[in-house]
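One structure is given here, and the rest of the page talks about it.
The values are calculated or read from the model by the stated rules, or taken from the named source; none is laboratory data. All of these numbers come straight from a predicted model, not from anything done at the bench. Backbone-built Cβ (ideal geometry, glycine too); neighbour counts: all protein chains shown. Note: areas computed on protein heavy atoms with side chains; ligands, DNA, RNA excluded. Shrake-Rupley method; radii C 1.70, N 1.55, O 1.52, S 1.80 Å.
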Amino acid sequence: MRLTILLTALLLSACSQPPPITSHFLAFGTLIDLTLQGVDQKKADEVTAIIEEDFRLMHHSWHAWDPGPLGRVNRLIPSGQPFSVPPSVLPLIKIGTELAEQSGNRFNPAIGQLISLWGFHSSDPSGWTPPTDEAVQKLVQANPRMSDLTFNGVLMQSTNPTVDLDFGAFGKGYGIDLAMEHIKELGIKNAILNAGGDLRAIGSRGGQPWRIAIRNPAGERPLALLKVQGDESVFTSGDYERKYEHQGKHYHHIIDPRSGYPAEGTRSVTVLHNDATRADAAATALFVAGPDEWFQVAQAMDIRYVLLLDSDNTIHMSPAMAERVELLVENPTIKISAALK
Ligand code: AMP
Ligand code: MG
C-alpha cells in the first residue's frame, strides 16, 4: 500500500513537469528560439511577446547601416567634434572598448568601414566583387580603434575620423544577456535563448542539463555536443555564416584587422562562458587569432572553454573544453593546448 502511494507520488511529480515550450521570432537577421521549461502556454506567450519587443528595440538601436541610434553615432564620429551618445549605444561602446583591448584588437568593433568595404553592410549579394587591395590597405593604415574614442561625461569624440562602429561581433551576445536578465525578472528559472545557434541557457531541462549541438562547417552532422547547466553561454563564429563567392574563391565576414582581409586558418570557434557578451566577442577574436595564437588571446580575455576547428580540420581545444565536450566526428585530429590554464 505504502509503496503504491510512493510510486503514484513519484509518477505524478514526473508528469507534473510539463515539456519545454519553444517559440520563434526574427531579430538581428536571424531566427531566435526561446525555450521555457516549467511554465504553461499562457506564461510562455506572455514572456515571448515581451522579449520579442526587447529584441526589436535592440535591433533598431544597434543596426550598423540602417538609420537609428548607432547610425547617428557613426555619422557624427568623422566630424571630430564632441557629441552626446544615445544611452542605448553607450554601454556597448564601453564594453566593446574593454574587450577589444583585452583581445589585442583581434576583436575590433571600430572597423565598420572595412566590413562595409567587403560588402557586409548590405543584404544584397548580387554583382559582388572583392575590394581593391589599395582600398583595403588605406583603411588598415588608418588604423581605427576603440581607443580613438575619448569621453567627457556623456560627450564622446573621435581622434580618428575612420572609426566606424559595427557591433556585429558582440551585439547578439549583449542582446542575449540583456534579454536573459529580463526573462529572469519575469520569474523564469529554466530557459534557453538561442539566436541562430548562439545561446545562453539558465537552469536545466527538468533537472537534466541542456544539450547543445555545435555545427560542423565541414559536414551535416554536428561537430560536438556540449551539456550546459546553471547559467552558461555558448557562442560560435564560423566562416560559413556570411560569405561571398567570386571566381571560385570564398570571402567570409570575419575580417582580420591587421591585414584587412577575411581571417585565414580557422573554420569555426566555439566559446563557452557565463557571460554571452564576452563569449560572442571572444569567439570572433579567437577566430581572427587562429590556430597559432588563440590560447594567448583566450587567456587575456579570461576564457577557459574553447574549441577551434582549423582549415586542416584539426580540432584545437583548451583542457577544460576537452574534459566536457562530446566529439561526434570520426577519427578527429585533436590538439589540446596545455598553455591555457
Ligand atoms: P561573429 O559572427 O560574432 O564572429 O561576428 C561577425 C561580424 O562581426 C561580422 O559580420 C562583422 O559585422 C563584424 N566583424 C567582422 N570582423 C570583426 C573583427 N575582427 N572585430 C569585430 N567585429 C568584426
Ligand atoms: Mg562574435
With +1 at each Lys and Arg Cβ and -1 at each Asp and Glu Cβ, the charge dipole magnitude of the chain around its Cα centre, to the nearest 20 debye, comes out at 620 debye
Computed on alpha carbon atoms, what radius of gyration and Dmax characterise segment 18-341, expressed in Å? 19.7, 60
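With a 1.4 Å probe and all protein chains left in place, how much accessible area per residue does the chain have, in Å²?
Working: 16390 Å² over 341 residues.
Dividing the accessible area of the chain by its residue count gives 48 Å².
First select every other residue whose beta carbon is under 15 angstrom from the beta carbon of Pro144; then total the charges, Lys and Arg +1, Asp and Glu -1.
Details: positive: Arg106, Lys138, Arg145, Arg258; negative: Glu101, Asp148, Asp164, Asp166, Asp256.
That works out to -1.
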Packing-ranked peptide list from 235-241, 164-170, 136-142, highest mean Cβ count within 10 angstrom first, is 164-170, 235-241, 136-142
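With +1 assigned to the C-beta of every Lys and Arg and -1 to the C-beta of every Asp and Glu, and no other charges, what is the dipole magnitude of segment 216-292 about the Cα centre in debye, to the nearest 20?
Working: 8 positive and 11 negative charges, 33 e Å.
Roughly 160 debye, rounded to the nearest 20.
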To the nearest 10 degrees, how steeply does helix 133-142 sit against the main Cα axis of the chain, on a 0 to 90 scale? 80 degrees
Here is the link list: Lys94/Lys227; Lys42/Lys189; Lys94/Lys189. Which ones come out longer than 22 Å on Cα distance? Lys94/Lys227; Lys94/Lys189
Coordinate range along principal axes, alpha carbons of segment 193-341, Å, largest first: 51, 32, 32
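Leaving ligands, DNA and RNA out of it, report the carbon-plus-sulfur percent of the accessible area of segment 18-341 at a 1.4 Å probe.
Working: 7240 of 14650 Å².
Roughly 49 percent of what the probe reaches on segment 18-341 is carbon or sulfur.
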Could you give the angle, 0 to 90 degrees to the nearest 10, between helix 2-15's Cα long axis and the longest principal axis of the Cα atoms of the chain? 20 degrees
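Based on alpha-carbon atoms only, what is the radius of gyration of segment 104-169 relative to the globular estimate 2.2 N^0.38 Å? Could the numbers behind the result be given before it?
Numbers: Rg = 13.5 Å, N = 66, 2.2 N^0.38 = 10.8 Å.
In units of the globular-protein estimate, segment 104-169 measures up at 1.25.
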Between Thr314 and Glu330, 0.36 nm times their residue separation minus their Cα-Cα distance comes to what? 4.5 nm
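Counting only other residues whose beta carbon sits under 15 Å from that of Pro109, what net charge do I get with K and R as +1, D and E as -1?
Net charge in that neighbourhood comes out at -2.
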Listed residue (Pro82, Gln102, Leu139) projecting farthest to the positive dipole end of the chain, Cβ model: Gln102
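Of all DSSP beta bridges located in segment 18-341, what percent are antiparallel, nearest 5? Before the final figure, lay out each step's value.
Working: 56 of 61 bridges.
Of the beta bridges lying entirely in segment 18-341, close to 90 percent run antiparallel.
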Between helix 171-185 and the chain: long-axis angle, C-alpha atoms, 0 to 90°, nearest 10: 30 degrees
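State, as an integer percentage, the relative contact order of the chain based on alpha-carbon contacts under 8 Å between residues 6 or more apart. Don't jump to the answer; show the numbers that get you there.
Values: 645 pairs, mean separation 52.7, N = 341.
The value is 15 percent.
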Can you order the peptides 62-74, 281-293 by their average number of other Cβ atoms within 10 Å per residue, highest first? 281-293, 62-74
Counted charge near Thr236, where neighbours are those whose Cβ lies closer than 10 Å (Asp, Glu -1; Lys, Arg +1): -2
Which lysines does Lys243 reach when only Cα atoms under 26 Å apart count, and residues fewer than 8 places away in its own chain are ignored? Lys138, Lys172
Magnitude of the Cβ-charge dipole of segment 198-256, K/R +1 and D/E -1, about the Cα centre, nearest 20 debye? 240 debye
